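A quick write-up on the structure given underneath.
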Amino acid sequence: MKTLLFALLCGVALTVQAQQTTAVNKWVSPVFNDFVSLPENQYADAQLESWGYTRKTYQFNALADDPGHDDGIAVNRWTMPNCKESILLAEHEHTDAQLESWGYRDKLFQFYAYRRIPAGESRANYLAVYRWVNALPEGNGCRDFTLTTVEGEYTDGQLRGWGYSGKRLQFFVPKRSSGTGRRDF
C-alpha cells in the first residue's frame with residue numbers, strides 16, 4: 001500500500017513538473033508609474049522598453065498550457081475604461097459581460113493558473129497571487145487599477161503603508177525552480 005501511495009504521489013509531482021511555464025514579470029508602467037504584471041512570452045523586453053516600461057522584476061512562473069484540471073483557469077488582461085493601462089483578472093473573478101458593462105475591453109489571454117489548490121496537493125507546493133487596489137486618489141481614471149502581487153513579495157503592512165487596499169486572492173501557481181537562478185518567494 002505504501003509503495004502504491006508513493007508511486008501515485010511521484011506521478012502527481014512529475015505531472016506538475018512537466019507542465020510548461022512562462023515567467024511573469026512586473027514592470028513599472030509609464031501611464032501611472034506603478035507596477036503591471038506581464039508574462040514574459042507576451043512582449044519582447046525591447047518592445048516594452050520602447051513603450052516606456054522600466055524596472056523589469058521577476059514575480060512567478062505561471063502555466064503556459066491549460067492544466068486540464070477542474071480548478072484550472074485562464075488569466076486574462078483587460079484594458080481599463082478610463083485609463084490607457086490594463087488589469088490582470090482570472091476568469092472566475094468577474095464575467096466577461098460584467099467587465100464589458102463596466103467599460104473594460106480588449107480581453108487578451110495571458111496564462112493559466114489554479115482557482116484553488118488541486119485536491120490532494122500540498123499547499124507548500126503553491127504560491128498565492130493577490131490583487132490590491134492601488135493608491136491613486138479618488139477621481140483618477142486609473143484608480144481601479146490593481147497591483148498583482150505574489151505571496152511573500154511584500155508584506156500586507158508594506159502594501160497598506162504605500163496606500164494599497166482591498167486585498168483579494170486571485171489564483172494559485174505552482175512553486176517551481178526556473179533553472180535560471182530565480183527563486184519563488
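Numerical summary
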{"quantity": "Scan of region 100-115 for residues that are surrounded by fewer than 19 Cβ atoms within 10 Å (Cβ to Cβ) and not in a strand (DSSP E or B), ordered by number", "calculated": "E100, S101, W102, G103, R115"}
{"quantity": "First in region 53-65 and of a type in the set (D, E, K, R), second anywhere and surrounded by 14 or more Cβ atoms within 10 Å (Cβ to Cβ), Cβ under 6 Å, 6 or more apart", "calculated": "R55/V28; K56/N25; K56/W27"}
{"quantity": "Residues of region 16-53 classified as hydroxyl-bearing (S, T, Y), at pLDDT below 90 and in a strand (DSSP E or B), total", "calculated": "1"}
{"quantity": "Residue in region 139-174 that is nearest to I117 (Cα to Cα), counting only those that are in a loop (DSSP other than H, G, I, E, B) and modelled with pLDDT of 90 or more", "calculated": "E151"}
{"quantity": "Test result for A97, more than 28 Å from V31 (Cβ to Cβ), without any contact (Cβ under 8 Å) to a residue 60 or more places away in the chain and surrounded by fewer than 16 Cβ atoms within 10 Å (Cβ to Cβ)", "calculated": "no"}
{"quantity": "Residue count, region 41-77 (criterion: in contact with a Lys or Arg (Cβ under 9 Å, 6 or more places away or on another chain), closer than 30 Å to A119 by Cβ, surrounded by 15 or more Cβ atoms within 10 Å (Cβ to Cβ) and not hydroxyl-bearing (S, T, Y))", "calculated": "8"}
{"quantity": "V12 vs. criteria at pLDDT below 90, in a helix (DSSP H, G or I), more than 13 Å from the chain's Cα centre (by Cα) and surrounded by 13 or more Cβ atoms within 10 Å (Cβ to Cβ)", "calculated": "yes"}
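The values are calculated or read from the model by the stated rules, or taken from the named source; none is laboratory data. Just so it is clear, the structure is predicted and the values come from calculations on it, not from any experiment. Positions of Cβ are generated from backbone atoms using ideal geometry, with glycine treated the same way; all protein chains shown enter the neighbour counts.
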